[in-house]
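Undergrad: Got a structure for you, written out below as structure tokens; questions coming shortly.
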Amino acid sequence: MTEERTSDRRIEIQHDALGSAIVSGDGNKVVVYHYHLAQALQGSPLATAQSVGANPYRGLAAFQVEDAAVYFGREVQVDRLWNRLRDIQERMSSVKTRLLPILGASGSGKSSLARAGLLPELARRSLPGYRQAQVAVMTPGVTPLESLSVVLARIATQDLTPVEKAQEFERVLRQVDDQNSHNFSSSHHGLRRIANALPGIEASPLIVLVDQFEEVYSLCKDPSERTAFIENLLDAASSPTGSVSVVITLRSDFLGEIQQHPKLDQLIGSDQSVIVPAMTTEELRRAIAEPAKQAGCPLHPALVELLIKDTEKREGALPLLQFALTRIWKELAAGREPMETLQELGGIGGALAKEAQRIYDNLSLDDQKTTRRVFWGLVQLGDVIKYTRRRTAVNSLVSHQDTLEHVRQVIGRFATPSIRLITLSTINDVEIAEITHEALFEHWQELRNLLEENCHFLAWRERFQVAVHQWEISDYDEESLSRGVSLDEAEKWLNQHPDDLNSKEQAFIQFSQRARKKTQIRSLAFWLATPLMIVITGAGLFWFNDIQERPKRELLSLSPNDQNSKPHLLPTANSLLPEAQKLVKQGEIDEAFRYYRQVVTYALSLRAKVKKIPLDQHVAPDCSAKLEDEIDQTFCQAENELAQLIKSERLPQLRVELGTKPLDPGRRNSDVQDNDFDKLFTPGALKTTYFILRRSSGAWADVDDNGQISTFKEADRLPCQTLKDIQELWREFTGGRCGWYDKSGYRTYTSPDCTELGGATLTAQIFNYGRDDEAAVERLNQCKVSPMILNPNDQR
């Protein structure tokens, strides 16, 4: 290291109600203001017997500024971050935007590195020209502009709850300026203006640390707020005054989402970014051994080596390691041998699950039901059944069967400082809960079973909660209530899960039912009060409308195996296509999928009958050729629009999963029955690809639900464009090695270079290893996905 260092690198952490001040031995100072502090972080966690001392490990929680003294193993990366930030700050003429992105996989230690590593290092070695800095630490949450305005208001007012100033700052952050009146590309300049007005900004630059930046996409659902937040950050970090620098931590599997914002995407893709690597063996040794050694109770070297071996090459394992160490230390204080504790835990992966299961098993049946509802409310579902954490207000987790106090008691069992599987915090006087770490989804089988068995209910409930929220913000306007199919669906789920909706959701359904009844009564009154002729006319209109709707109902009820030609329904099939487009615009994505699939089903059946196509041949027309037949036109339009819907609603999830580094696409699950198709793959890109093509979340080609694409009629339900899009994505993220065929186009089932798929091709993985899938392979050929140049020596 060539940089000059201060002579005294010791630091002291001072606390007050607003945050922390880090003071170095040389008098450098970093003042840290937090958006909010988790309740569980107040005080030293896991205090134990006096002979052993306070627990130096931090479990599932990220290391904070206050934990700098026990944060070991990342010294090289801390130095690297400080140098990168120093370079960005010094090269203001060549670096247009002072943004430092810290990228890494979930559980790689990004937050700890920024909070307990970089911030204290800024006190040990101040940025050139500044002996003091002020840092605003925040996580975006659902409303990132509000989060930012609160922490800025605390800096400006030195008040813990600056409500009025925060509201004023939020208005400034939301303000849209005329771009033509400024020499800036952004239309949001609020953060730059607020920062320039902060006391002492000339001598103490502002560093905005946005931890868990991915929440801008996973939790914030308002695109305009998301854009305003990002533009404020980039605009302030681009100001020539140099008064604001921005540091963000971002999970690498969200890099695809960043492409929505080109300027941010370019910065994150530049050499300004720092990718957090896995810890080396020596770094892990320091992280495990040094805290205990410093606490005066060193761990046995054999135990350290076992923990290293269990952690190495295991993605997201650092929080699990820390959690296992907290349990080992706790049992050590009780006089138990650490090796015995680790063996009982079943390694670092089993520690988390065992603790969660132990708590769950000790609950009463009623408490277990409440626990199930709580965890459901703390999970965010992605496409094709993938789970992430979400922050949720505790009062919204209360079903009509529970009381708030009872829910708090149950959450408290999982949120004690010694366990902290759930983290509690307070935002604007609202009590918030969140699952502390997503590793719980992977290792706690009880939770995985609950989520997978109820995934359809949970997916509906997420959509339903949006409708309830709209009803609230419309001041409970009757026009915002559910009607028709939406209300029927809500009543169905209410009957199946009578205890799992909260009071607000129950009220929404009840008010919707009352509104429907009022409408029916008004209709009846109209009939009774109307002269006979009008009644007859109305009856005629009703009859006419019923006649009009009858073909639509008939078409939508057709089975994929229906062999009747029904040519009279062709105009109805064509009319369903614009209706499906409207459903997409209204956000009714699942219903739009159903409409498109039903038109494809009908067109295939009709074409087979009319053209007398044998069952052992493809029915689907060549949509790349000139179409003169109305049946072919109907099929091709439905297939193309279905492919576009898959591309916009399903492929983004696949892109995110393929973009993880290192790529782990998942694998066939040997622990499930062959006919348990929804669990056939472990989570990852393979499972997503399978679901897009075979299950009801996409093309639903496996209509017989037998795990095979065993007929040409099933294979023809696979949209050609989707097959091409999937191949293009897989090849893009595997260097051209993995696709439906091997890279030479010869082999259908083997691809030795494709280590990501274990030497197989996508054909082998998705279409059952060559058994009963000839129709699917021929569909790939028909769609011209890849040249079928078969090597005579290949055995199919």
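Undergrad: I need the full set of residues from the stretch 332-386 which are assigned to a helix (DSSP H, G or I), open to solvent by 40 Å² or more (accessible area, probe 1.4 Å) and touching a residue at least 12 places away in the same chain (Cβ under 8 Å), in order please.
TA: First, pick out the residues of the stretch 332-386 that are assigned to a helix (DSSP H, G or I): 332-333, 338-345, 347-361, 365-377.
Checking the rest, the ones that are also open to solvent by 40 Å² or more (accessible area, probe 1.4 Å) come to 339-340, 343-344, 354, 357-358, 361, 365-366, 369, 372.
Answer for the stretch 332-386, where residues must be assigned to a helix (DSSP H, G or I), open to solvent by 40 Å² or more (accessible area, probe 1.4 Å) and touching a residue at least 12 places away in the same chain (Cβ under 8 Å): Met339, Gln357, Lys369, Arg372.
Undergrad: Turning to a different aspect of this structure: Check every one of the helices (runs of 4 or more DSSP H) wholly within the stretch 158-274 and list those with 2 or more residues that are small (Gly, Ala, Ser) and either over 22 Å from Arg390 (Cα atoms) or free of Cβ contacts under 8 Å to residues at least 60 places away in the same chain (or both).
TA: Working: elements: 163-174, 190-196, 215-218, 223-237, 255-258, 262-268.
Qualifying helices (runs of 4 or more DSSP H): 190-196, 223-237.
The rows are residues; the columns are (1) without any contact (Cβ under 8 Å) to a residue 12 or more places away in the chain; (2) of a type outside the set (S, T, N, Q); (3) touching a helix residue (DSSP H, G or I) at 6+ places or on another chain (Cβ under 8 Å); (4) surrounded by fewer than 18 Cβ atoms within 10 Å (Cβ to Cβ).
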position: Tyr595; (1), (2), (3), (4): no, yes, yes, no
position: Gln598; (1), (2), (3), (4): no, no, yes, no
position: Leu606; (1), (2), (3), (4): no, yes, yes, no
position: Ile613; (1), (2), (3), (4): yes, yes, yes, yes
position: Asp622; (1), (2), (3), (4): no, yes, yes, yes
position: Cys636; (1), (2), (3), (4): no, yes, no, no
position: Asn669; (1), (2), (3), (4): no, no, yes, yes
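Undergrad: While we're looking at this one, here's another question. Of the conditions (1) surrounded by 16 or more Cβ atoms within 10 Å (Cβ to Cβ); (2) farther than 17 Å from Leu440 by Cα; (3) not acidic (Asp, Glu), Ala302 clears all except one; give me its number.
TA: Condition not satisfied by Ala302: (1).
Undergrad: With the structure loaded, tell me whether Lys647 is within 23 Å of the chain's Cα centre (by Cα) and either in a loop (DSSP other than H, G, I, E, B) or not hydrophobic (A, V, I, L, M, F, W, C) (or both) or whether it fails that test. Spell out how you get there, then give the answer.
TA: Details: within 23 Å of the chain's Cα centre (by Cα): yes; either in a loop (DSSP other than H, G, I, E, B) or not hydrophobic (A, V, I, L, M, F, W, C) (or both): yes.
Yes; evaluated as a whole, the condition is true for this residue.
Undergrad: When you scan the stretch 452-480, how many residues do you find that are open to solvent by less than 20 Å² (accessible area, probe 1.4 Å) and either farther than 28 Å from Ser147 by Cβ or among the small types (Gly, Ala, Ser) (or both)?
TA: 3
Undergrad: With the checklist (1) open to solvent by 40 Å² or more (accessible area, probe 1.4 Å); (2) in contact with a helix residue (DSSP H, G or I) (Cβ under 7 Å, 6 or more places away or on another chain); (3) under 19 Å from Arg372 (Cα atoms) in hand, flag the one item Asn502 doesn't pass.
TA: Every condition holds for Asn502 apart from (1).
Undergrad: Quick check on Ala393: is it touching a strand residue (DSSP E or B) at 6+ places or on another chain (Cβ under 9 Å), free of Cβ contacts under 8 Å to residues at least 60 places away in the same chain and not β-branched (Val, Ile, Thr)?
TA: When the stated conditions are applied, Ala393 passes them.
Undergrad: Still on this structure, I have one more. Take the residues in the stretch 426-476 that are of a type in the set (Gly, Ala, Ser) and in contact with a strand residue (DSSP E or B) (Cβ under 9 Å, 6 or more places away or on another chain), then tell me which one is nearest to Glu505 (Cα to Cα). Lay out the reasoning, then the answer.
TA: Residues of the stretch 426-476 of a type in the set (Gly, Ala, Ser): 433, 439, 459, 467, 474.
From what is left, the residues that are in contact with a strand residue (DSSP E or B) (Cβ under 9 Å, 6 or more places away or on another chain) are 433, 459.
On the way: Ala433: 20, Ala459: 15 Å.
Only one residue fits best here, namely Ala459.
Undergrad: Another question, then. Working only within the stretch 650-673, note down all residues that are more than 24 Å from the chain's Cα centre (by Cα) and of a type in the set (A, V, I, L, M, F, W, C).
TA: Of all residues in the stretch 650-673, those more than 24 Å from the chain's Cα centre (by Cα) come to 670-673.
If the condition is that a residue be more than 24 Å from the chain's Cα centre (by Cα) and of a type in the set (A, V, I, L, M, F, W, C), then Val672 is the only one that fits.
Undergrad: Against the condition assigned to a strand (DSSP E or B), in contact (Cβ under 8 Å) with a residue 12 or more places away in the chain and crowded, with 22+ Cβ neighbours inside 10 Å, how does Val151 come out, does it pass? Give the derivation first.
TA: Details: assigned to a strand (DSSP E or B): no; in contact (Cβ under 8 Å) with a residue 12 or more places away in the chain: yes; crowded, with 22+ Cβ neighbours inside 10 Å: yes.
Considered against the rule, which asks whether it is assigned to a strand (DSSP E or B), in contact (Cβ under 8 Å) with a residue 12 or more places away in the chain and crowded, with 22+ Cβ neighbours inside 10 Å, Val151 comes out as no.
Undergrad: Additional query: Which one is modelled with the lowest pLDDT among residues in the stretch 131-148 that are within 18 Å of Ile207 (Cβ to Cβ) and part of a loop (DSSP other than H, G, I, E, B)? Give the derivation first.
TA: Filtering the stretch 131-148 down to residues within 18 Å of Ile207 (Cβ to Cβ) leaves 131-140, 144, 147-148.
Add one more test, that the residue is part of a loop (DSSP other than H, G, I, E, B), and what stays is 131, 139-140.
Working: Arg131: 84, Thr139: 93, Pro140: 92.
Taking the candidates together, the pick is Arg131.
Here is a yes/no grid of residues against (1) outside any helix (DSSP H, G or I); (2) modelled with pLDDT of 85 or more; (3) more than 44 Å from the chain's Cα centre (by Cα); (4) closer than 28 Å to Thr722 by Cα:
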| residue | (1), (2), (3), (4) |
| --- | --- |
| Ala525 | no, no, yes, no |
| Val535 | no, no, yes, no |
| Gly538 | no, no, yes, no |
| Asp546 | no, no, no, no |
| Arg550 | no, no, no, no |
| His568 | no, no, yes, no |
| Arg594 | no, yes, no, yes |
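Undergrad: Looking at the stretch 703-726 only, could you name the residues that are surrounded by fewer than 22 Cβ atoms within 10 Å (Cβ to Cβ) and in contact with a Cys (Cβ under 9 Å, 6 or more places away or on another chain)?
TA: Answer for the stretch 703-726, where residues must be surrounded by fewer than 22 Cβ atoms within 10 Å (Cβ to Cβ) and in contact with a Cys (Cβ under 9 Å, 6 or more places away or on another chain): Gln721, Lys724.
Undergrad: Could you please let me know if Lys626 is open to solvent by 20 Å² or more (accessible area, probe 1.4 Å) and without any contact (Cβ under 8 Å) to a residue 60 or more places away in the chain? It would help to see each step written out before you state the result.
TA: Values: open to solvent by 20 Å² or more (accessible area, probe 1.4 Å): yes; without any contact (Cβ under 8 Å) to a residue 60 or more places away in the chain: yes.
Considered against the rule, which asks whether it is open to solvent by 20 Å² or more (accessible area, probe 1.4 Å) and without any contact (Cβ under 8 Å) to a residue 60 or more places away in the chain, Lys626 comes out as yes.
Undergrad: Something else now. Would you confirm, using the coordinates I've provided, whether Arg91 is more than 24 Å from the chain's Cα centre (by Cα), surrounded by fewer than 23 Cβ atoms within 10 Å (Cβ to Cβ) and basic (Lys, Arg)? It would help to see each step written out before you state the result.
TA: On the way: more than 24 Å from the chain's Cα centre (by Cα): yes; surrounded by fewer than 23 Cβ atoms within 10 Å (Cβ to Cβ): yes; basic (Lys, Arg): yes.
Yes, satisfied.
Undergrad: Additional query: When the residues of the stretch 575-593 are filtered to those that are open to solvent by 20 Å² or more (accessible area, probe 1.4 Å) and in contact with an Asp or Glu (Cβ under 8 Å, 6 or more places away or on another chain), which remaining residue is nearest to Ile613 (Cα to Cα)?
TA: Filtering the stretch 575-593 down to residues open to solvent by 20 Å² or more (accessible area, probe 1.4 Å) leaves 575, 578-579, 581-591.
Right, trim to in contact with an Asp or Glu (Cβ under 8 Å, 6 or more places away or on another chain) and you get 581, 583, 589.
Working: Gln581: 31, Leu583: 33, Ile589: 33 Å.
Looking at residues that are open to solvent by 20 Å² or more (accessible area, probe 1.4 Å) and in contact with an Asp or Glu (Cβ under 8 Å, 6 or more places away or on another chain), I get Gln581.
Undergrad: Just the residues that are in contact with a Lys or Arg (Cβ under 8 Å, 6 or more places away or on another chain) and open to solvent by 10 Å² or more (accessible area, probe 1.4 Å), please, taken from the stretch 692-702. Give the steps one after another, and end with the answer.
TA: As a first pass, look at the stretch 692-702 and keep what is in contact with a Lys or Arg (Cβ under 8 Å, 6 or more places away or on another chain): 692, 697-702.
Result: Ser697, Trp700.
Undergrad: Please work out which one of (1) over 27 Å from the mean Cα position of the chain (by Cα); (2) buried (at least 19 other Cβ atoms within 10 Å of the Cβ) is the condition Val208 fails and give its number.
TA: Result: Val208 passes all but (1).
Undergrad: Still on this model: Taking the stretch 310-325, which residues are within 20 Å of the chain's Cα centre (by Cα) and either surrounded by fewer than 18 Cβ atoms within 10 Å (Cβ to Cβ) or not in a helix (DSSP H, G or I) (or both)?
TA: Glu315, Gly316, Ala317
Undergrad: What's the total number of residues in the stretch 94-106 that are in contact with a Gly (Cβ under 9 Å, 6 or more places away or on another chain), more than 17 Å from Thr139 (Cβ to Cβ) and open to solvent by 10 Å² or more (accessible area, probe 1.4 Å)?
TA: 1
Undergrad: If you go through the stretch 107-130, how many residues are crowded, with 19+ Cβ neighbours inside 10 Å and either part of a loop (DSSP other than H, G, I, E, B) or within 29 Å of the chain's Cα centre (by Cα) (or both)?
TA: At the first step, the residues of the stretch 107-130 found to be crowded, with 19+ Cβ neighbours inside 10 Å are 107-127.
Cutting the leftovers down to either part of a loop (DSSP other than H, G, I, E, B) or within 29 Å of the chain's Cα centre (by Cα) (or both) gives us 107-119, 125-127.
Looking only at that region, the number is 16.
Undergrad: Pick from Ile268, Ile258, Ile328: which is under 30 Å from Arg91 (Cα atoms) and in contact with a Pro (Cβ under 6 Å, 6 or more places away or on another chain)? Before the answer, list the steps.
TA: Numbers: Ile258 fails: in contact with a Pro (Cβ under 6 Å, 6 or more places away or on another chain); Ile328 fails: under 30 Å from Arg91 (Cα atoms).
Checking each option against the conditions leaves just Ile268.
Undergrad: Here is a check on your reading of the model: is Thr572 open to solvent by less than 60 Å² (accessible area, probe 1.4 Å) and either part of a loop (DSSP other than H, G, I, E, B) or over 24 Å from Leu723 (Cα atoms) (or both)?
TA: Criteria met by Thr572.
Undergrad: Can you pull out every residue in the stretch 275-285 that is open to solvent by 30 Å² or more (accessible area, probe 1.4 Å), β-branched (Val, Ile, Thr), under 15 Å from Gly316 (Cα atoms) and touching a residue at least 12 places away in the same chain (Cβ under 8 Å)?
TA: Ile275 - this is the single residue of the stretch 275-285 that is open to solvent by 30 Å² or more (accessible area, probe 1.4 Å), β-branched (Val, Ile, Thr), under 15 Å from Gly316 (Cα atoms) and touching a residue at least 12 places away in the same chain (Cβ under 8 Å).
Undergrad: I would also like to ask the following. Go over the candidates Ser273, Ser224, Ser245, Ser218 one by one and state the one that is over 20 Å from Leu119 (Cα atoms), of a type in the set (Ser, Thr, Tyr) and in contact with a strand residue (DSSP E or B) (Cβ under 9 Å, 6 or more places away or on another chain). So that I can check it myself, show each step before the final result.
TA: On the way: Ser273 fails: over 20 Å from Leu119 (Cα atoms); Ser224 fails: in contact with a strand residue (DSSP E or B) (Cβ under 9 Å, 6 or more places away or on another chain); Ser245 fails: over 20 Å from Leu119 (Cα atoms).
Answer to the check: Ser218.
The values are calculated or read from the model by the stated rules, or taken from the named source; none is laboratory data. What you see is a predicted model; the values in this text were computed from it and never measured. Cβ coordinates were reconstructed from backbone atoms using ideal geometry, including for glycine residues, and neighbour counts include every protein chain displayed. To get the accessible areas, we keep the full protein, side chains included, count just its heavy atoms, and leave off ligands, DNA and RNA. Shrake-Rupley method; radii C 1.70, N 1.55, O 1.52, S 1.80 Å.
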